[in-house]
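Visitor: Pasting a structure below so you can have a look.
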Amino acid sequence: MIAFELASVSKLYGGRRALDRVNLAVPIGTAVGLLGPNGAGKTTALRLLLGFVRPSTGGVRVRGRPPSDPRSREGLGYVPERPAFAPRMTIRELLRLHGGLIGFDGDALEHEMDARLVETGLRDRAQERVGGLSKGLLQRVAFAQALLGDPELLLLDEPTSGLDPLGVRDARDWILAARERGRTLLVSSHVLTEVERTCDHVVILHEGRIAASGPLGEVLLAGESLEDAYVRIVRGGAGASPQNAGISASEGAA
Amino acid sequence: MSETAPAKRGIRPIRAFHLLAAEAFQDSLRSRLGLAVAGCALLALVFVDRCTSLEGSFVLNGEVVDPGMSARAMGPILFGWVSLFLLAASGLVASDGLARPVADGSIALWLARPVSRTVYTLARLSGTLALAISAGGGALVAAAFLLHARRGFALEPALFAGLVYAASAAIVSALAMTLSLYAPRVVTLFVVILWILLVVVANVAHLFGASFSGWFAALERWGPPLGTALLYAMSGWVSLPLDAHDVALVMLRLVAWMGLSAALLVLSVRRLELR
């Protein structure tokens, strides 16, 4: 079954084309790294899947449902690139509300909140207001709310942004743990080494189009690192690499 | 993690609405605008307290106004002014209630949950409206009791006027929220206050026999009858002869505007792109 699907999707912001006829299908249980230079369309792709923006043309589905259907976001966790929360709420209040919105209540909610606070190292800061937290702590709060209820699908937009080395390691552990549990991950990132460690498939976007996609082993040439492959593909232009000529965007992460 | 994850129940729209509306209420309460609305309510109450304590006669154009007439007019004038002042305050709190989460981006994480934009929007509206009505309603209840205790005004018209205030606050809040998605807060507030004044002037002038043409006539005829409904509600204080059919139509128009303004707000949010 397909978790995330973009079918011939284009997205225009005014006259600028953020995505251009992108086909992408992410099967359930895969961990896909979404790569590309700034402005390549990575965040736009995630926002389309969440229903934050509408496609100019084409179709978007999350587990077979359009993003306009709230049920498409059941069992979905999201870490935004720049987490923004109601600043006057405490971390605990924030998690309580998010937990309530995904169906937890009573003791189950308290239990789940405590577990996520411990997991993300926020237990001792649970009563602090979100507005006073550093960027790194905000990112931890973003992970804590995204991991509530052990969601089947995780959309992570620059998940290690603003984290210190220990935070990066923790984030990697959370992502790997989710992957080991068979969760579907779509991770947009500039940190290629992290993507290489946490994902088994990659999609490289360039100027709104898919330049390459597929299992890591197929996208990388023998002995090549992901960074080398990325530079080769992006500098070479979409479809310029013989390695990628055979990769159908619609097969992409499949 | 998964081995300790406890069972959860499915989320229902009504439960999501309750949770988000409570959050919106607390969010407004904690904001500076919440304090401002409470201040407005207190100011209105002090105004009523001072006015109902006044003794002596009124002089208009050099002539002493009939004491009986000025005493009868005090209730509707005071209550009407206070209601309109509090309506503007509800516009103030609403101008921030949705625009802020959109501007700071916090709306994104709520909408990443299985919550429809309709539920989220109506919850934000209800939460901010609850704050405005709590503060405004409290001030109006106190004003009604002051008028009753000190000047002998009946409580029933104040109750009807309070209900009209609540309905009008819903309209003003929804329209202010809608406008706040497209305009800065200061502009929103200015437009809302100007619009309330225009509507009320048109309504009151029409009741006293004035006739208009053009957009002003359309505003009076088809706009939300904020002034007309308020005066009709307080008619028991001034023995205003009313046609029951006319009253029913005005109240129906008020209710229709409640639905229309909320629908306009929901439609605007549904069309909003969160970039």
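The values are calculated or read from the model by the stated rules, or taken from the named source; none is laboratory data. A quick note: this is a predicted structure, and the numbers were derived from the prediction, not measured. Backbone-built Cβ (ideal geometry, glycine too); neighbour counts: all protein chains shown.
Visitor: Among B:Ala103, B:Ala73, B:Ala123, B:Ala130, which is the only one that is among the aliphatic types (A, V, I, L, M) and either farther than 30 Å from B:Ala16 by Cβ or in a loop (DSSP other than H, G, I, E, B) (or both)?
Guide: After applying the criteria, what remains is B:Ala73.
Visitor: On to the next question. Only residues that are within 29 Å of the chain's Cα centre (by Cα), farther than 15 Å from B:Leu146 by Cα and polar (S, T, N, Q): list them for the range B:19-70, please.
Guide: B:Gln26, B:Ser28, B:Ser31, B:Ser70
Visitor: Answer yes or no as to whether A:Ala86 is buried (at least 23 other Cβ atoms within 10 Å of the Cβ), more than 10 Å from every other protein chain (Cβ to nearest Cβ) and in contact (Cβ under 8 Å) with a residue 40 or more places away in the chain.
Guide: Details: buried (at least 23 other Cβ atoms within 10 Å of the Cβ): yes; more than 10 Å from every other protein chain (Cβ to nearest Cβ): no; in contact (Cβ under 8 Å) with a residue 40 or more places away in the chain: yes.
No, not satisfied.
Visitor: A further question on this structure: Do we find that A:Gly167 is of a type outside the set (A, V, I, L, M) and either in a loop (DSSP other than H, G, I, E, B) or touching a residue at least 24 places away in the same chain (Cβ under 8 Å) (or both) in this structure?
Guide: Answer is yes for this residue.
Visitor: Whether any residue in the range A:55-73 is part of a loop (DSSP other than H, G, I, E, B), among the acidic types (Asp, Glu) and under 30 Å from A:Arg209 (Cα atoms) is what I want to check.
Guide: Our first condition is that a residue be part of a loop (DSSP other than H, G, I, E, B); within the range A:55-73, this holds for A:55-56, A:63-64, A:66-69.
Within this subset, residues satisfying the condition of being among the acidic types (Asp, Glu) are A:69.
Subset that is under 30 Å from A:Arg209 (Cα atoms): A:69.
Within the range A:55-73 (the criterion being part of a loop (DSSP other than H, G, I, E, B), among the acidic types (Asp, Glu) and under 30 Å from A:Arg209 (Cα atoms)), the answer is yes, since at least one residue qualifies.
Visitor: Cβ contacts < 8 Å: first residue under 14 Å from A:Pro87 (Cβ atoms) and among the basic types (Lys, Arg), restricted to the range A:129-147; second residue at pLDDT 95 or above and not in a helix (DSSP H, G or I), any location; separation 6+ or different chain. Result?
Guide: A:Arg129/A:Thr90
Visitor: Can you find a residue in the range A:57-80 that is farther than 23 Å from B:Pro101 by Cα, among the small types (Gly, Ala, Ser), more than 8 Å from chain B (Cβ to nearest Cβ) and touching an Asp or Glu at 6+ places or on another chain (Cβ under 6 Å)?
Guide: Looking for residues that are farther than 23 Å from B:Pro101 by Cα, among the small types (Gly, Ala, Ser), more than 8 Å from chain B (Cβ to nearest Cβ) and touching an Asp or Glu at 6+ places or on another chain (Cβ under 6 Å), one finds at least one in the range A:57-80, hence yes.
Visitor: Could you tell me whether any residue of the range A:50-71 is closer than 30 Å to A:Arg129 by Cα and in contact (Cβ under 8 Å) with a residue 60 or more places away in the chain?
Guide: Yes, the range A:50-71 has at least one match.
Visitor: I would also like to ask the following. So A:Leu94 passes all but one of these: (1) closer than 19 Å to B:Arg117 by Cβ; (2) in a helix (DSSP H, G or I). Which condition number does it fail?
Guide: (1)
Visitor: Next up: Would you call A:Ala115 over 15 Å from the mean Cα position of the chain (by Cα) and either assigned to a strand (DSSP E or B) or at pLDDT below 95 (or both)?
Guide: No; evaluated as a whole, the condition is false for this residue.
Visitor: From the set of residues in the range A:116-138 that are in contact with a helix residue (DSSP H, G or I) (Cβ under 9 Å, 6 or more places away or on another chain) and closer than 23 Å to A:Gly182 by Cα, which is nearest to the other protein chains (Cβ to nearest Cβ)?
Guide: Here the residue is A:Glu119.
Visitor: Another question, then. Which condition from (1) over 18 Å from the mean Cα position of the chain (by Cα); (2) modelled with pLDDT of 85 or more; (3) more than 26 Å from A:Arg47 (Cβ to Cβ) is the one that A:Glu180 breaks?
Guide: Failing condition for A:Glu180: (1).
Visitor: Next up: Are any residues in the range B:5-23 touching a Gly at 6+ places or on another chain (Cβ under 6 Å) and modelled with pLDDT of 95 or more, and if so, which ones?
Guide: Across the range B:5-23, the qualifying residues are B:Leu19, B:Ala21.
Visitor: Follow-up. I'd like to check which strands (runs of 3 or more DSSP E) are fully inside the range A:181-226 and have at least 2 residues that are under 19 Å from A:Ala146 (Cβ atoms) and among the β-branched types (Val, Ile, Thr).
Guide: A:184-188
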